[in-house]
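Take a look at the structure set out below.
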Amino acid sequence: MRKSINTFKWYDRPWAALIFFTRLPWWRIYQPPKDCYRSVVEYWPLTGWLTAICTAVTLYFGTMLFPYSVSVILALVVRILLTGALHEDGLADFIDGFGGGGNDRQRILDMMKDSRIGTYGVLGLVVYEVLLAATLISMPPFVAAIAILAADPFSKMVAGQIVMMMPYARHEEEAKSKIIYRSINVRAGIGLAVQGLLPLVPLFYFIGDALRWELVVFVPCIVMYILYLLIWRRLRGYTGDCCGALFLLIELSFYLNILAQTNGKILPNLLF
């Protein structure tokens, strides 16, 4: 019998999200009830605060010891270690399935569940990582750092909407994690929005004069909608791999958008 969410402690579900989305040993301190893991998407952007801070700090302060390009690569390595490449694994499976599965729904699902990575997945990951690193290297260090602080939680907030837009594509017992996320209610949706939108404040404070806020907000949402249409057309439902792929692709569009708007501009308010 499932436990009512009203009987959970206030920290149970955020703690479950930290355990689920990172590889830090939070479970050694406290293990929340299993049903809390159905709500982890509601706190996905909160885990993004942690990964974003660690990534941004590594990138910015790494420049004091290493060339900037090395600092960017080290920052990306830190994030991969924090998450256990959870999202990158989802992206590789997503590209494998949608690249090699054609319009056959079951074949796509089978390829995404296969633990072996295919040619599409390898090429997709390589292109993604190279493009991500090149985009961050093309920004000034401080701009890249505050872009990371904003992009990670915001993109997880946008990607998390998928659980409200379509059903899970498999049966629960077929899920890799054996967990199906519950739909987000109004209260949880407000919390999700706060977690995702609040980190945009430093971005607009420091370089807002060089940005059009509507593009910063809506371009990732447009990318999300295009990917939603693709997933709905092929699968009529989402999987955990879809969630990971959505986050990384939406986040990449966020960085490309920032780079396109700031490229060649003298940025205000920067004394770093």
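The values are calculated or read from the model by the stated rules, or taken from the named source; none is laboratory data. The model shown is predicted, which means the values in this text are computed figures rather than measured ones. All Cβ positions, even for glycine, are placed from backbone atoms using ideal geometry, and neighbour counts span all protein chains on display. These area figures cover heavy atoms from the full protein model, side chains too; ligands, DNA and RNA do not enter into them. Shrake-Rupley method; radii C 1.70, N 1.55, O 1.52, S 1.80 Å.
Restricting attention to the stretch 181-198, and to residues there that are open to solvent by 30 Å² or more (accessible area, probe 1.4 Å) and β-branched (V, I, T), which single residue is nearest to F142 (Cα to Cα)?
V194
The conditions are (1) out of contact with any Pro (no Cβ under 6 Å at 6 or more places or on another chain); (2) over 17 Å from I146 (Cα atoms); (3) open to solvent by 40 Å² or more (accessible area, probe 1.4 Å), and Y43 fails exactly one of them. Which is it?
Status for Y43: all satisfied but (1).
Pairs only if they're at least six apart or on different chains, beta carbon under 6 angstrom, first in the stretch 39-53 and acidic (D, E), second surrounded by fewer than 22 Cβ atoms within 10 Å (Cβ to Cβ); list them, first residue then second.
E42/I184; E42/A188
From (1) within 15 Å of the chain's Cα centre (by Cα); (2) more than 28 Å from M139 (Cα to Cα), pick out the condition that doesn't hold for E88.
In the conditions (1) within 15 Å of the chain's Cα centre (by Cα); (2) more than 28 Å from M139 (Cα to Cα), E88 misses (2) alone.
Conditions (1) within 14 Å of the chain's Cα centre (by Cα); (2) under 26 Å from A17 (Cα atoms), marked per residue:
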{"site": "G48", "(1), (2)": "yes, yes"}
{"site": "T51", "(1), (2)": "yes, yes"}
{"site": "L74", "(1), (2)": "no, yes"}
{"site": "T83", "(1), (2)": "yes, yes"}
{"site": "G100", "(1), (2)": "no, no"}
{"site": "R105", "(1), (2)": "no, no"}
{"site": "I108", "(1), (2)": "no, no"}
{"site": "V127", "(1), (2)": "no, no"}
{"site": "A134", "(1), (2)": "no, no"}
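Out of the residues in the stretch 46-61 that are of a type outside the set (A, V, I, L, M, F, W, C) and open to solvent by 10 Å² or more (accessible area, probe 1.4 Å), state the one that is nearest to S183 (Cα to Cα).
My answer is T58.
For the subset of the stretch 199-235 comprising residues that are closer than 13 Å to I162 by Cβ and of a type outside the set (A, V, I, L, M, F, W, C), which member is least open to solvent (accessible area, probe 1.4 Å)?
Looking at the filtered set, the residue picked out is Y228.
Checking the condition farther than 30 Å from F142 by Cβ and small (G, A, S), which residue from S69, S39 passes?
S39
Would the stretch 175-182 turn up any residue that is hydroxyl-bearing (S, T, Y) and out of contact with any strand residue (DSSP E or B) (no Cβ under 7 Å at 6 or more places or on another chain)?
Yes: the stretch 175-182 contains one or more residues that are hydroxyl-bearing (S, T, Y) and out of contact with any strand residue (DSSP E or B) (no Cβ under 7 Å at 6 or more places or on another chain).
Check whether at least one residue in the stretch 2-14 is modelled with pLDDT of 95 or more and open to solvent by less than 10 Å² (accessible area, probe 1.4 Å), and report yes or no.
No.
Which one of D152, D114, D104, D89 is acidic (D, E) and within 22 Å of L192 (Cα to Cα)?
Just a single option satisfies the conditions, and that option is D152.
So, of the residues in the stretch 15-33 that are free of Cβ contacts under 8 Å to residues at least 40 places away in the same chain and not hydrophobic (A, V, I, L, M, F, W, C), which turns out to be least open to solvent (accessible area, probe 1.4 Å)?
P32
Could you list all residues from the stretch 100-123 that are part of a helix (DSSP H, G or I), within 18 Å of D89 (Cβ to Cβ) and either open to solvent by less than 10 Å² (accessible area, probe 1.4 Å) or not β-branched (V, I, T) (or both)?
G100, I108, L109, D110, M111, M112, K113, Y120, G121, L123
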